[in-house]
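Novice: Sharing a structure below in structure tokens format, with a few things to ask.
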Amino acid sequence: MGDQPIWITFIVTFVIMIVLLTSMAYTTWYERKVLARFQDRIGPTRTGPAGLLQPLADAVKLMGKEDLIPEAADRKVFYFAPMITFITAILAAAVIPWGGTIELFGQSVNLYPTDLNVGALFILATGSIGVYGIILGGWSSGNRYSLLGAIRSAAQVISYELILGFSLVGIFIITGTMSLKEIMFRQHETISFGPFEIANWFVLSQPLAFVLFVIAAVAETNRAPFDLPEAESELVAGFMTEYSAMRFALYFLGEYISMIIMSLFASTLFLGGTSGPGADTYWPLGIMWLVLKAIAFLFFYIWLRATLPRFRFDQLMGLAWKVLLPLAILNIALTAFFRLIGNGQVF
Amino acid sequence: MEFLGSNWIVVVFMVVATFIMGFAMAGISSVVGPSRPNKAKSAPYESGIPDIKPVRPQFTARFYVIGMLFVIFDLEAAFMYPWAVNFDVLGMGGFVHMMIFVSLLLLSYVYAWKKGALEWV
């Protein structure tokens, strides 16, 4: 935690939460714009310059809608299920580091809400608790589509959570820590590669893990081509079918915030986080690099959605259990073996 | 090892703050938005046709198999994390132990595969 007073931590946390919610709104704008370009359209243009006020208009519209609760629904669970998804999605931001400790107005300020020694595990845990929001929401709606969507989603998320978890073990072996801050600063060091000094990003030493992580991250956030839980053509809107107004918006917020968190998480673990030219001298540059990496990652998400058709459910499960799981375990064994050789601990 | 140390206060703070935020947002919409429920509106959505019988949480047993497999492999992951973090300390011995553990699990994995537990019929 460093030596900063607790109120500064709270301010930093609050600012990060507000930034996250705002950036979530603009992620929807970004997605619509980029998707439109892929489809040879121009996207939203009417509300504000370049449609920049569109997310605000959407929020206002959603607030004015009727908050409908179906007769067959289990009211209490129906009320609270979206909150679980929303809270856990934001909660993951608690361990994402935006830099080290800086001096601001004569105070030392940590550019991260908290530095848990189980940071990476914490993000995985919030992801798994988020499934409760989906499955309780689907179950309590009293609707067939919702129930099917919820169960599919649960099966998908737990399967890909394994891959997500296993793909990180290689990094833990290399760094010997689960604290995201330490993992990130390890990547600020450089290694010599022939005549060049290159950054020690873990995507270089863990390329297979990175690929596995990206696939699992897309599936974990229920995004295309793995958006089976809300497959419109067969399940209407999946677990969200009976939700309306702001409760629907909470699910929506949760999904987009998870996307942003996953982008930040991937950037922190594999792409060096705030590492980049000038980042060690000026901390705003570090934040800029992290944001740029996350935006590139979000672009990749949208690119996938624009390009790939949806998987069939058996293909989805087959991919996770028959292809990715053996690969993930192979990656762990290989990483461990090379680490042993590197340490000179063989025989 | 601090469990409820100062690091976790921030997490509690975030839970409370997001809870208030979510509650406020859902609250605003139920205050501002109209509320005119009628019979047709609050019936379960069924693409326009009336719902015949109430929904029972009934689904294919495949999901249970996936659930059980998940518990097994998630436990494996839970054992792997502390091993991975202390990898340099444990060295060769730890590596051999972990490989024996993983190969035992892989054996059951191959068995499950051969039995068809991973096929989605």
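Novice: With a 1.4 Å probe and every protein chain left in place, work out the accessible area per residue of chain A in Å², rounded to a whole number.
Specialist: Per residue, chain A has an accessible area of 40 Å².
Novice: Something else about it: Once you mark the trypsin sites (Lys or Arg not before Pro) that are in a DSSP loop and have at most 14 other Cβ atoms within 10 Å, what is the longest gap between them in chain B?
Specialist: Here the longest run is B:42-121.
Novice: Summing both sides, how much accessible area is buried between B and A? Use a 1.4 Å probe and give Å² to the nearest 100.
Specialist: That pair of chains buries around 6600 Å² in total.
Novice: Still on this structure, please answer the following. Leaving out same-chain residues fewer than 8 places away, which lysines sit with a Cα under 21 Å from that of B:LYS114?
Specialist: A:LYS322
Novice: Once R0 is set to 35 Å, what does the formula 1/(1 + (r/R0)^6) return for the Cβ-Cβ distance between A:LEU104 and A:GLU189, expressed as a FRET efficiency to the nearest 0.05?
Specialist: So the FRET efficiency works out to roughly 0.85.
Novice: Still on this structure, please answer the following. If I compute solvent accessible area with a 1.4 Å probe over the protein chains, what percent of it on the stretch A:118-168 is carbon and sulfur?
Specialist: The nonpolar share, carbon plus sulfur, comes to 80 percent.
Novice: Which lysines does A:LYS33 reach when only Cα atoms under 28 Å apart count, and residues fewer than 8 places away in its own chain are ignored?
Specialist: The reachable lysines, counting only those whose Cα sits under 28 Å from A:LYS33, are A:LYS61, A:LYS65, A:LYS293.
Novice: Take the Cβ-Cβ distance between B:VAL31 and A:ASP40 as r, set R0 to 41 Å, and report the resulting FRET efficiency rounded to the nearest 0.05.
Specialist: Efficiency for this residue pair is about 0.45.
Novice: Per residue of the stretch B:16-31, what does 6.51 cos²θ - 1.76 cosθ + 1.60 with θ = phi - 60° give for ³J(HN,Hα)? Whole Hz please, x for Gly and Pro, Karplus curve as stated.
Specialist: With coefficients 6.51, -1.76 and 1.60, one gets 4, 4, 5, 4, 4, 4, x, 5, 5, 5, 5, x, 4, 5, 6, 7 Hz.
Novice: Could you give the nm distance between label points at A:LEU204 and A:ALA306, where each point is 7 Å from its Cα heading toward the beta carbon?
Specialist: A separation of 3.1 nm, rounded to one decimal place.
Novice: What figure in square angstrom, to the nearest 10, would you give for the accessible area of A:ASP40 with a 1.4 Å probe?
Specialist: Counting only protein heavy atoms, A:ASP40 exposes about 140 Å² to solvent.
Novice: With a 1.4 Å probe and all protein chains kept in place, how do B:LEU107, A:LEU52, A:LEU91 rank by accessible area, largest first?
Specialist: The ranking, largest first, comes out as B:LEU107, A:LEU52, A:LEU91.
Novice: Here's a follow-up. May I ask you to find the residues of the stretch A:143-191 that are shielded by at least 40 Å² of accessible area once the whole protein assembly is considered instead of their isolated chain (probe 1.4 Å)?
Specialist: The answer is A:ARG144, A:TYR145, A:LEU147, A:ILE151, A:ILE158, A:LEU162, A:PHE166, A:VAL169, A:PHE172, A:ILE173, A:MET178.
Novice: How about the stretch B:62-106: which of its residues lose at least 50 Å² of accessible area in the presence of all protein chains relative to their chain isolated, using a 1.4 Å probe?
Specialist: B:PHE63, B:ILE66, B:PHE70, B:PHE73, B:MET80, B:TYR81, B:ALA84, B:VAL85, B:PHE87, B:ASP88, B:MET92, B:PHE95
Novice: Among A:MET63, B:MET68, A:MET262, what's the order by accessible area (1.4 angstrom probe), most exposed first?
Specialist: B:MET68, A:MET63, A:MET262
Novice: Rounded to the nearest whole Å², what accessible area per residue is found for the stretch B:59-121 with the 1.4 Å probe?
Specialist: Averaged over the residues of the stretch B:59-121, the accessible area is 58 Å².
Novice: Considering chain A as a Gaussian network with a 10 Å cut-off on Cα pairs, which listed residue, A:PHE311, A:PHE202, A:PHE105, attains the greatest mean-square fluctuation?
Specialist: A:PHE105
Novice: DSSP loop (so not H, G, I, E, B), at most 14 other Cβ within 10 Å: list which trypsin sites (Lys or Arg not before Pro) in the stretch A:295-337 pass both filters.
Specialist: Within the stretch A:295-337, the qualifying trypsin sites (Lys or Arg not before Pro) (loop, at most 14 other Cβ atoms within 10 Å) are A:ARG312.
Novice: OK, next. Between B:VAL16 and A:LYS76, with labels modelled 7 Å along Cα→Cβ, what's the label distance in nm to one decimal, could you check?
Specialist: In this crude spin-label approximation the distance works out to 2.4 nm.
The values are calculated or read from the model by the stated rules, or taken from the named source; none is laboratory data. Bear in mind the structure is a predicted one, so any value in this text is a computation, not a measurement. Every residue, glycine as well, gets a Cβ built from its backbone with ideal geometry; the counts of neighbours run over all protein chains shown. Only protein heavy atoms, including side chains, enter the accessible area calculation; ligands, DNA and RNA are left aside. Shrake-Rupley method; radii C 1.70, N 1.55, O 1.52, S 1.80 Å.
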